[in-house]
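Reading through the structure tokens given below for one structure.
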Amino acid sequence: MGFTVAVVGATGAVGREMLRTLEKRSFPVDEIVCLASTRSAGSTITFRGQEVLVRATSPEAFKGVQIALFSAGASVAREMGPAAAAAGAVVIDNSSAWRQDAQCPLVVPEVNPHAIKDRPRGIIANPNCSTIQMLVALEPLHKAAQLRHIIVSTYQATSGKGHAAVEDLKAQTAALARGEAVHPTVFPGQIAQNLLCDWKPSAMEGGEGYSEEETKMVFETHKIMGDPTIGVSPTCVRVPVVNGHSESVWARFARPISVEEAKELLRNAPGLILDDRPYAPGAHPQPVQASGRDEVLVGRVRRDFVDPNALNLWVVGDNLLKGAALNAVQIAERVIAE
Ligand code: A2P
């Protein structure tokens with residue numbers, strides 16, 4: 001038996017990956033419902049070799065839908081998520097709209113799959129891309145040695161800000177190559193040959209000076225790990241990469257953990273690939289290698305020079321796949337297996 005599945009934001013960077021991921025993983029889809037804004041209504045998208053009409057998102061569009069994968073931003077999710085749930089769909093939302101809601105589980109299947117079942121609103125939240133790949137890498141170490149503090153710096157790709165942001169990077173890069181000035185259209189400044197912190201200021205209480213992206217990593221880690229005592233110190237940075245987020249992670253545990261023990265744990269963990277090569281120039285996980293891959297790549301596992309309880313890691317993942325579309329589809333797979 002198959003399911004009627006809707007993708008909300010089907011024309012967007014993540015929505016397109018959701019469709020591809022459903023195809024690639026042979027998710028049992030009987031009918032696909034592609035929804036977007038009124039701007040794209042009437043256009044078509046190819047799914048499993050067939051042209052599918054894109055329709056405008058409305059409460060009526062969810063009639064008969066059993067699984068609704070949302071990636072159309074927080075305001076659409078806030079407005080349409082409950083409508084889809086009321087129509088009988090299990091909603092899996094990639095935006096930040098429902099992540100902090102105590103009645104919506106926030107799930108990384110490798111970390112807290114048990115949380116999926118308890119969803120009184122019928123809405124499951126997909127975490128932020130940066131949080132997902134960090135926790136896939138840290139969970140096996142946490143299980144063994146109990147995380148106490150994470151210091152993370154991110155190197156985030158432009159695709160995380162949507163399709164138009166990638167176009168902005170490309171146009172800026174081309175302008176610089178022609179010796180012309182850049183005219184940013186999506187980013188708040190030059191991203192080509194530059195770094196930016198382009199997120200809104202955090203509105204979290206006590207989060208003064210942090211960006212929204214940074215405090216998301218704090219809150220989401222606590223909720224997913226079920227432990228608000230884990231320290232999280234994030235700095236989020238956008239880099240002129242098309243796709244694939246990288247993270248420099250320092251993690252301290254409740255007990256000493258050796259590099260060898262950590263590597264053994266990571267080698268056998270789900271959803272990741274340990275890059276065990278010794279350090280050499282260029283021999284480490286890179287965004288161009290992670291882009292298009294399902295697994296999170298973890299490398300450069302190093303001891304801390306001072307603290308025997310701490311390790312340094314380099315974590316790279318496809319922010320559109322494991323950081324968004326794939327994680328959402330993996331949640332959907334668990335929902336239909338219930
Ligand atoms: P559209 O293509 O019609 O604008 P991205 O993250 O790549 O920018 O994509 C955002 C996705 O969210 C697109 O599919 C976009 O559709 C969709 N979207 C934006 N606004 C709305 C809206 N008000 N209702 C439904 N979908 C929306």
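Read the figures in this text as sums done on the coordinates, not as results from a lab. Given the structure is predicted, the values throughout are model-derived calculations rather than measurements. Note that we place each Cβ from the backbone using ideal geometry, even for glycine, and neighbour counts take in every protein chain shown.
Helix 13-24 axis versus longest C-alpha principal axis of the chain: approximately 90°, rounded to the nearest ten. Here is the P(r) of the stretch 266-314: all C-alpha pair distances, binned every 5 Å from 0, give 5, 20, 25, 23, 17, 7, 3, 0 in whole percents. If one takes the longest principal axis of the Cα atoms in the chain, at what angle in degrees, from 0 to 90 and to the nearest 10, does the Cα axis of helix 212-225 lie? Orientation of helix 212-225: about 80 degrees from the principal axis. Rounded to the nearest whole angstrom, the semi-axes of the ellipsoid equivalent to the stretch 1-78, taken from the Cα gyration tensor as √(5λ), stand at 18, 14, 12, largest first.
Taking θ as phi - 60° and the Karplus parameters 6.51, -1.76 and 1.60, the scalar couplings of the stretch 304-314 work out to 8, 5, 10, 9, x, 8, 10, 9, 10, 9, 10 Hz in sequence order, x denoting glycine and proline.
First obtain the Kirkwood hydrodynamic radius of the stretch 9-139 from its Cα pairs, then insert it into the Stokes-Einstein equation at 25 °C and 0.890 mPa s, and state the resulting D in µm² per second as a whole number. After rounding, the answer is 161 µm²/s. Between GLU261 and SER248, the contour length at 0.36 nm per residue exceeds the Cα-Cα span by 2.7 nm. The packing ranking, built from the mean of other Cβ atoms within 10 Å per residue, places the peptides 241-253, 220-232 in the order 241-253, 220-232, highest first. Between amide H atoms placed 1.01 Å from N, distances below 5 Å from ARG238 occur with GLN156, LEU196, CYS197, ASP198, all of them 5 or more places distant or on a separate chain. Close amide H contacts of ILE273 (hydrogens built in the peptide plane, cut-off under 5 Å, sequence separation of 5 or more or a different chain): VAL296, LEU297, VAL298. What the phi angles of the stretch 159-165 give under the Karplus curve with 6.51, -1.76 and 1.60, with θ = phi - 60°, is a coupling list of 4, x, 9, x, 4, 5, 5 Hz, glycine and proline written as x. With 27 Å as the limit on Cα-Cα distance, the pairs of LYS24/LYS223; LYS117/LYS223; LYS143/LYS223; LYS117/LYS200 that go past it are LYS24/LYS223; LYS117/LYS200. Taking every alpha-carbon pair within the chain, the share separated by more than 31 Å comes to 32 percent.
To the nearest ten degrees, helix 129-145 and the longest principal axis of the Cα atoms of the chain are 50 degrees apart. Globularity index of the stretch 104-262 is 1.18 (Cα radius of gyration / 2.2 N^0.38 Å, N = number of residues).
Amide H contacts of SER233 (H built 1.01 Å from N, in plane; Pro and chain starts excluded): ILE150, ILE151, VAL152 sit under 5 Å, all sequence-distant by 5 or more or on other chains. Pair-distance distribution P(r) for the stretch 62-117, from all Cα-Cα distances in 5 Å bins starting at 0: 4, 21, 27, 27, 16, 5, 0 percent.
Separation of the stretch 132-159 and the stretch 284-312, taken as the distance between their Cα centroids, equals 10 angstrom.
For the stretch 154-240, the equivalent ellipsoid derived from the alpha-carbon gyration tensor has semi-axes of 31, 12, 10 Å in decreasing order.
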